[in-house]
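Structure first, then comments.
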Amino acid sequence: MAPQGTCILVVDDDERVCRILRRYLGTEGFHVVTANNADEMREQLHLAELVVLDLHMPDSHGLDLTKEIRHKRPKLGIIILTGSTDAVDRVVGLEVGADDYVSKPFDERELLARIRSVLRRTQEQMGTDDDQPSTLRFANYTLNLDSHQLMDDDRDIELTSREFALLSLLARSKGRVLTRDRIMDELSDRDWMPSDRSVDQLVVKLRRKIESDQKHPELIKTIRGAGYKFDTVVEGSA
């Protein structure tokens, strides 16, 4: 069952889809609010702890709404619903800030599993051991694992939940090579296709925010044929 009061915002112009998800997710313990257009979404957004967003809305494209949501609520979970079979739409959705995607027609149980997976990433603190450091320091950055904040000296750097999860994983695994499969397993419970390049796209996005030289990254190193390694000194404090 979902934590008491967890609010899911379903944004879809198909009232039938909204009705089905309101009923199904409600039986799983979620509080569900719905929106049929962009304006209704904006009115309800402050309530949500996760948004399920249809990619093809009548008044605004879902990718534009994803960017808008990510700007307003950087740490909010976002799952895209798409009827498109084009992999480009899915990749671009993840690129602009979505945490996951589900293809229409969707299986309700699969969507529920994705929702729970994204909520775990956005709501749980990293790690459960009391001895686990709450702050990691590297280069000029401070990564707070409790507040999910990345600071560059006194500047707050906005990270999506997926970017934060990736950076936390890499920093806590400093010096070790992480394969793409390992990273994908850590970031999501969903099944991945061998051709899925979402991890590479996510690394590119993260590098843009923390690397001074994109062509010659100093922090996140690509280990050809193996994966990625966080190649810098990381200091932690409990």
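The values are calculated or read from the model by the stated rules, or taken from the named source; none is laboratory data. No experiment lies behind these values; they were computed from the predicted model shown. Using ideal geometry, Cβ is built from the backbone for each residue, glycine included, and neighbour counts are taken over all protein chains shown.
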Being of a type in the set (D, E, K, R) and either loosely packed, with under 13 Cβ neighbours inside 10 Å or at pLDDT 90 or above (or both) is the filter; apply it to the range 97-115 and report the residue that is nearest to residue 147 (Cα to Cα).
114
What helices (runs of 4 or more DSSP H) completely inside the range 5-86 contain at least 3 residues that are modelled with pLDDT under 90 and out of contact with any helix residue (DSSP H, G or I) (no Cβ under 6 Å at 6 or more places or on another chain)?
62-72
Provide a single number: the residues in the range 36-74 that are touching a residue at least 40 places away in the same chain (Cβ under 8 Å), crowded, with 16+ Cβ neighbours inside 10 Å and closer than 19 Å to residue 119 by Cα.
9
Specify which of the listed residues (162, 137, 182, 207) is surrounded by 15 or more Cβ atoms within 10 Å (Cβ to Cβ), part of a helix (DSSP H, G or I), modelled with pLDDT of 90 or more and not hydroxyl-bearing (Ser, Thr, Tyr).
207
Could you list, in sequence order, the residues of the range 156-178 that are closer than 14 Å to residue 74 by Cβ and over 13 Å from the mean Cα position of the chain (by Cα)?
156, 157
Flagged in the range 156-172 as out of contact with any helix residue (DSSP H, G or I) (no Cβ under 9 Å at 6 or more places or on another chain) and in contact (Cβ under 8 Å) with a residue 24 or more places away in the chain, in numbering order, are 168, 171, 172
Candidate set: the range 216-234, residues that are touching a strand residue (DSSP E or B) at 6+ places or on another chain (Cβ under 9 Å) and free of Cβ contacts under 8 Å to residues at least 40 places away in the same chain; chosen: the one nearest to residue 180 (Cα to Cα)
222
Failed condition for residue 33, given (1) without any contact (Cβ under 8 Å) to a residue 24 or more places away in the chain; (2) more than 30 Å from residue 157 (Cβ to Cβ), with all others met?
(1)
